[in-house]
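Below is one structure; the comments refer to it alone.
The values are calculated or read from the model by the stated rules, or taken from the named source; none is laboratory data. As the structure is a computational prediction, the values presented were derived from the model and not from experiment. Cβ atoms come from the backbone with ideal geometry, glycine included; neighbour counts cover every protein chain shown. We work out accessible area using only protein heavy atoms, side chains counted, and drop any ligands, DNA or RNA first. Shrake-Rupley method; radii C 1.70, N 1.55, O 1.52, S 1.80 Å.
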Amino acid sequence: MEYKLIPADRYDDVIDHLRNTFFADEPLNKAAGLCRPGVGNRELEHHSLETLSDGLSLMAIDEDGRIAGVILNGILRPGDTERALAQLELSSDDNFKKIFELLYTHGLQSKLFSRFGVDRAFDVRILSVDARFRGQGIAKELVRRSERVARDCGFPIMKADATGIFSQKILRSNGFEMLSEQLYGKYTDAQGQIILPVEAPHIKLQLLYKRLDENEADT
Ligand code: ACO
């Protein structure tokens, strides 16, 4: 398996990969019924392309050059999440809104920037491995290599909204720690109904972080 930064001429392939993996089977997307396998989602594709344009994302490619997995990393600065939340109001995709309202409000409550006294974070937004290649350590390696990119670019901290038990395990094994968490069963509307009925074994969202200005480089 080869690991590389994702160049612009592979963005379409990345979107194709995500349509067949992450868009349908990431725990929150699945709970919201965001899209069927192979079918796109305009908002999520826009979110992915915006993140790709930060130039910090990596792909794992097999010997035929096909994408086996990706990690889409973006730059997060103070005020970005507030702006994204305001922008979300304009979305006509109710399922997309449900997911991102949870992620953004939870992110804001964690007060990442003031808590750690930093002015930018390396944001791990999408971690996705093709079903045919799962269980071979590709996601773990994508996270490990992302840390190198983040360190090389001088980021003081990495963060991720890990939505399922496996991404949480993978990030923790790469030295991430928990800042805050939200049980899906306790995320309810005014009538007490669970907003995102996420399937077991995934029970909570965790905001995980790793400080890079305090840790030794993990090579
Ligand atoms: N069942 C049991 N254990 C699992 C599973 C599984 N389905 N998936 C991963 N693990 C464990 C592995 O056993 C391994 O543990 P170990 O180091 O103790 O042996 C560890 O997690 C690392 O596994 P990898 O092989 O590196 O993970 P993989 O390459 O299979 O990719 C991923 C995991 C990305 C979660 C993949 O299943 C996927 O694409 N899922 C759908 C999309 C998704 O949920 N993405 C994460 C959302 S959060 C975010 O994007 C920031």
Margin query: Under the rule of at least 5 residues apart or a separate chain, name every residue whose amide H is placed under 5 Å from the amide H of LYS204.
Written below: TYR184
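ALA8: net charge of surrounding residues, Cβ under 14 Å, Lys/Arg +1, Asp/Glu -1, itself excluded?
Values: positive: LYS4, ARG10; negative: ASP9, ASP12, ASP13, GLU50, ASP54.
Local charge sum for ALA8: -3.
Probe of 1.4 angstrom, ligands and nucleic acids ignored: what's the accessible area per residue over the chain, in square angstrom?
Numbers: 10970 Å² over 219 residues.
Solvent-accessible surface per residue comes out at 50 Å².
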Checklist line | Kirkwood Rh and Cα Rg combined as Rg/Rh, region 91-140 | finding: 1.11
Notebook entry, point to check: Simple spin-label model, 7 Å along Cα-to-Cβ: ASP189 to ALA86 in nm?
Noted result: 2.7
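Find out how many positive minus negative residues lie around GLU199, taking Lys and Arg as positive, Asp and Glu as negative, among other residues whose Cβ is under 11 Å from that of GLU199. Could you put the intermediate results ahead of the total?
Values: positive: LYS30; negative: ASP25.
Local net charge: 0.
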Note to self: With a 10 Å cut-off between alpha carbons and a GNM built on the chain, which of ARG66, ARG125, ARG151 moves the most?
What the structure shows: ARG66
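So, with a 1.4 angstrom probe, what is the percent of accessible area on the chain that is carbon and sulfur?
Numbers: 5150 of 10970 Å².
The nonpolar share, carbon plus sulfur, comes to 47 percent.
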Next item on the list: Only bridges with both residues in the chain count here: give the DSSP antiparallel percent, nearest 5.
Entry: 90
Check: Where does each of 190-202, 136-148, 44-56, 155-167 land if you order them by average Cβ count within 10 Å, highest first?
Finding: 155-167, 136-148, 44-56, 190-202
Item checked: Over the chain, relative contact order from alpha-carbon pairs under 8 Å, at least 6 apart, % -> 21
Checklist line | Inter-label distance, nm, simple model (7 Å from Cα along the C-beta direction), MET1/ASP13 | finding: 1.6
Checklist line | Cross-link reach list, lysines versus LYS204, counting only Cα pairs under 21 Å and skipping chain neighbours closer than eight places | finding: LYS30, LYS97, LYS98, LYS111, LYS140, LYS159, LYS169, LYS186
Note to self: For the full complex of protein chains and a 1.4 angstrom probe, list ARG10, ARG83 by accessible area with the highest value first.
What the structure shows: ARG83, ARG10
Notebook entry, point to check: Any idea how far apart VAL39 and ARG120 come out in nm if each label point goes 7 Å out from Cα toward Cβ?
Noted result: 3.9
Next item on the list: Find, to one decimal place in angstroms, the Kirkwood hydrodynamic radius of the chain, where the mean of 1/r is taken over every pair of different Cα atoms and then inverted.
Entry: 17.6
